[in-house]
Structures are given as C-alpha cells and as structure tokens.
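Working notes, structure below.
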Amino acid sequence: MKRIGILTSGGDCQGLNAAIRGVGKALYGHFGDNVEIYGIRDGYRGLIQCDYFPMSPHDFAGILTLGGTILGTSRQPFKQMRVIGSDNVDKVAAMKATYKKMRLDCLVILGGNGTHKTANLLREEGLNVVTLPKTIDNDLWGTDMTFGFQSALEIATNVLDCIHTTADSHSRIFIVEVMGHKVGWLPLYAGLAGGADVILIPEIPYQIDALVENIRVRDYLKKRFCILAVAEGAISQEEAKMSKKQFRESRSHMHFPSISYRIAKEIGERTGREIRVTVPGHFQRGGAPCPADRVLASRFGTAAAQLIRDGNFGNMVALRNDQIVPVPLEDVAGKLKTVPADLDVIQSARDLGIHFGDTNDTLPRSKKSKS
Ligand code: F6P
C-alpha cells in the first residue's frame, strides 16, 4: 500500500485543482486500491499541525475547471521555518513528525519559490518529496513555464484591452499595474499582448525623465492616449543602485498604495495630463484556469504521479522545450527566474515602439530619420 500526502502552499493560482486532479487520477489509475491519498489542509500549516483528510477518487472528479485550491493554502515563510516562535513549535520537527505519523511514502507539494525552498529543506531532512511549479509570476527557476501564468496573462491582457477604449474616449494616460512580484514576466507578456505603449518591469529599471519625454513625444504625435503596463515590482534607476536596506528604507517612506500611484503623480506633475491608475490585483489570480493552464497542470500532475511510481523523489516536474522533465529540487530551491535582458520578446516589443522607460531615445524611428 502506498500512502501519498498532497498540499498546496503559497499564493493560489489557476490550475491548482487541475494539477491535483492529475496527480490523484493518475495515482488511483495506476495503483488502484493499493494507494491512499491524503489532502493536507492549508499548505505547510496543515503539515505542521497534522491537519489532513483522506481523499477518495471521487474528490478528484469535477475539479478541472475550478479556480483556487480544494486543499486550501497559506503562506509560511521559509525564513521562519527554523525559527521557534512564541508557540514554542519546532516547525521542521513537527512536519517530519506528521509525515511519519501519516506513514507517508511521498509528499506532493504544489507551490512557487518560497514553497520550493521548504520542499528542498524537507528533502534534506530525509522526506520523499515531489513538487509541481505553480505561480502566476512564472519566476520559478528550472521550468520554462509555471501553471497559472497563462490564465493570469489572459486576465491582465483583458484589463488592458478594456482600458484602451476608455483611455481613447477620454484622451487619458492610464497605468495598469500588473502582478508578478519581483519579476516582469506577467507585465511584459500582458503589455505586449494588450498593446501597451509603455512596459515597466523590475529587470529594466525606469528613469522618470525618459518616461515623461516619451509621453511628450506621443502628445506631439497627436496620440490621444498612453497606456502603461507597470509591474507591481517596478523600480527606478535610482532605486536600482540602492542596497536592499536602503531600498526598503526608502520605500517605507513612499506614501502611495503602490509604485503605480507614485509614477502617476510624477508623470502628472510634469506633464499636466490626467492620469488614472487601475490595479486588478488578485483578480489576476482568480477564476477558472484557461485551457493552456488546464493542459499544463494536467501534464505536470500526471508526470508527478509517474515520478512517484518510479520512486524518483526529490524532483520538481518542469517544462523544458515542451517536454515534461524532472529537475532536482536542490537545483531549483532559492533561484529566481528573472526576465533576461536579451529576451527576444523585449526586442520584439521595442521594435513595435513599446517604451521600457530606460532611455531618453524615445523618438519613433520614422520621426528620427526625418530629423
Ligand atoms: O506570487 C503570486 C502573487 O500573486 C504575486 O504576483 C504577488 O506579489 C503576491 O502573490 C501577492 O501575495 P498575497 O496573495 O499574499 O497578497
């Protein structure tokens, strides 16, 4: 008899249930009555507190299109895992004890960056672990794509599409703030797909003067509106030069709900233009997974079950060149997949005239060649 635990940890995203379904159906399909699957509630919280429930084949049916996670999730920061808090609980020891008490043969963990650091810690502590890469941020090292990203991309793109019509009617500047944490995959792809005029991502720190100059050029060219897709993690060139400590200190004095509002104020003061900020926020993480995520999450789920069948533990299932492959957890943990400067998508966007706020060279090619 195989006994498998499964948990989802960190921020939720579309496709979690599709992936859970893939794991459960493939395991039951292969092992039949010789497997027992246990859902662990609210991520590592449930593992620490021994909070779990048995899952029958029935639990894995009818959840392909369901958003969120049927297991519940929570954020349990990796940094705190080895810290004993006021509750006096040794979290790592408690997780190991639960694993032992449940007599698990393997723990399946669905999560993003922080989750993978803890998953690797559990592996180092001797637990059999198999993981699946989820996050709308697409920032997990080792996989070309995480599930959740493509669904969030559809939503963010839809926001940009809708903003176009009202921005045009009112001749306004609009900032759409796109999630993505400290990386720019989602804002970059949404900005390109949604026809943004400006895309600001953390990997390309912006210069406010360059941004303002670009907007003036657009005014001069009689463009009615300007739409900026701004990463929630966007930083200025001055901020990029700061140490982590200086940056934190400086942002603690930023009296705006988010970076987009600061940029809006700075642009508004310098151009006198009317600016609106739209923050779709967690909307981007909600609802049903798009078909591409349903497929990817299903592939990851069944591949994770295959790793369990093979006894190939300590791996994350990853997408590489459209193949699902195992990647050792020790290689994944603690590494962020940022947008590379030489990514062809960035060049393509620049060729389309999209501005990244990083240069004063904002004149469109046609205008430059005339002068
Ligand atoms: O990691 C996914 C993500 O949605 C990020 O894009 C965002 O910065 C963060 O989670 C928001 O976290 P929370 O749900 O804890 O507010």
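Within segment 89-118, being within 16 Å of the ligand (Cβ to nearest atom) and not small (Gly, Ala, Ser) holds for ILE109, LEU110, ASN113, THR115, HIS116, LYS117, THR118.
Please go through segment 65-88 and pick out each residue that is open to solvent by 50 Å² or more (accessible area, probe 1.4 Å), of a type in the set (A, V, I, L, M, F, W, C) and away from the ligand (no atom under 16 Å from the Cβ). First the steps, then the outcome.
Pass one, segment 65-88, residues open to solvent by 50 Å² or more (accessible area, probe 1.4 Å): 65-66, 70, 75-80, 82-84, 86-88.
Applying the additional criterion that residues be of a type in the set (A, V, I, L, M, F, W, C) yields 66, 70, 78, 83-84.
Result: LEU66, ILE70, VAL83, ILE84.
Just so you know, in segment 152-175 the residues that are open to solvent by less than 10 Å² (accessible area, probe 1.4 Å) and within 12 Å of the ligand (Cβ to nearest atom) include one that is farthest from the chain's Cα centre (by Cα), and it is ALA156.
Return the residues of segment 17-36 that are outside any helix (DSSP H, G or I) and either touching a Leu at 6+ places or on another chain (Cβ under 8 Å) or closer than 19 Å to MET316 by Cβ (or both); say none if nothing qualifies. Hit for segment 17-36 is VAL35, nothing else.
Being open to solvent by 50 Å² or more (accessible area, probe 1.4 Å), assigned by TED's automatic domain parsing to the domain that holds ILE40 and in contact with a Cys (Cβ under 9 Å, 6 or more places away or on another chain) narrows it down to one of LYS101, LYS96, so name that one.
Details: LYS96 fails: in contact with a Cys (Cβ under 9 Å, 6 or more places away or on another chain).
That would be LYS101, the only listed residue that is open to solvent by 50 Å² or more (accessible area, probe 1.4 Å), assigned by TED's automatic domain parsing to the domain that holds ILE40 and in contact with a Cys (Cβ under 9 Å, 6 or more places away or on another chain).
May I ask you to list the residues in segment 254-284 that are at pLDDT 95 or above and loosely packed, with under 13 Cβ neighbours inside 10 Å? PRO257, GLU269, HIS282, listed by residue number. Filtered by the rule that a residue be of a type outside the set (Val, Ile, Thr), under 15 Å from ILE175 (Cβ atoms) and more than 16 Å from the ligand (Cβ to nearest atom), segment 217-255 gives ARG218, PHE225, CYS226, LEU228, SER236. Kindly establish whether ILE155 is assigned to a helix (DSSP H, G or I), out of contact with any Cys (no Cβ under 8 Å at 6 or more places or on another chain), in contact (Cβ under 8 Å) with a residue 12 or more places away in the chain and β-branched (Val, Ile, Thr). Taking the combined requirement at face value, the residue satisfies it. Could you tell me whether segment 104-118 includes any residue that is more than 29 Å from THR338 (Cα to Cα) and in a helix (DSSP H, G or I)? Within segment 104-118 (the criterion being more than 29 Å from THR338 (Cα to Cα) and in a helix (DSSP H, G or I)), the answer is no, since none of the residues qualifies. Residues that are more than 21 Å from ALA240 (Cα to Cα), basic (Lys, Arg), open to solvent by 30 Å² or more (accessible area, probe 1.4 Å) and at pLDDT below 95 do occur in segment 346-367. Looking at LEU192 and the list (1) open to solvent by 50 Å² or more (accessible area, probe 1.4 Å); (2) of a type in the set (A, V, I, L, M, F, W, C); (3) within 16 Å of the ligand (Cβ to nearest atom), which single condition is not satisfied? With respect to (1) open to solvent by 50 Å² or more (accessible area, probe 1.4 Å); (2) of a type in the set (A, V, I, L, M, F, W, C); (3) within 16 Å of the ligand (Cβ to nearest atom), LEU192 is out only on (3). Of the residues in segment 200-216, at least one is open to solvent by less than 50 Å² (accessible area, probe 1.4 Å), touching a helix residue (DSSP H, G or I) at 6+ places or on another chain (Cβ under 6 Å) and within 16 Å of the ligand (Cβ to nearest atom). Remark: pairs (first residue in segment 225-247, not assigned by TED's automatic domain parsing to the domain that holds ALA349; second residue surrounded by fewer than 20 Cβ atoms within 10 Å (Cβ to Cβ); Cβ separation under 9 Å; 6+ apart in sequence or on different chains) are absent. Looking only at residues of segment 119-149 that are in a loop (DSSP other than H, G, I, E, B) and within 14 Å of the ligand (Cβ to nearest atom), we find that the one that is surrounded by the most Cβ atoms within 10 Å (Cβ to Cβ) is ILE136.
Number of residues in segment 22-48 that are surrounded by fewer than 24 Cβ atoms within 10 Å (Cβ to Cβ), at negative phi and within 22 Å of the chain's Cα centre (by Cα): the value is 2.
Within segment 325-345, can you find the residues that are in a loop (DSSP other than H, G, I, E, B) and surrounded by 13 or more Cβ atoms within 10 Å (Cβ to Cβ)? ALA333, GLY334, LYS335, LYS337, THR338, VAL339, LEU343 - these are the residues of segment 325-345 that are in a loop (DSSP other than H, G, I, E, B) and surrounded by 13 or more Cβ atoms within 10 Å (Cβ to Cβ).
The values are calculated or read from the model by the stated rules, or taken from the named source; none is laboratory data. Note that the coordinates shown come from a computational prediction; the quantities given were computed from them, not determined experimentally. For neighbour counting, all protein chains shown are included, and Cβ atoms are generated from backbone atoms with ideal geometry for every residue, glycine included. We work out accessible area using only protein heavy atoms, side chains counted, and drop any ligands, DNA or RNA first. Shrake-Rupley method; radii C 1.70, N 1.55, O 1.52, S 1.80 Å.
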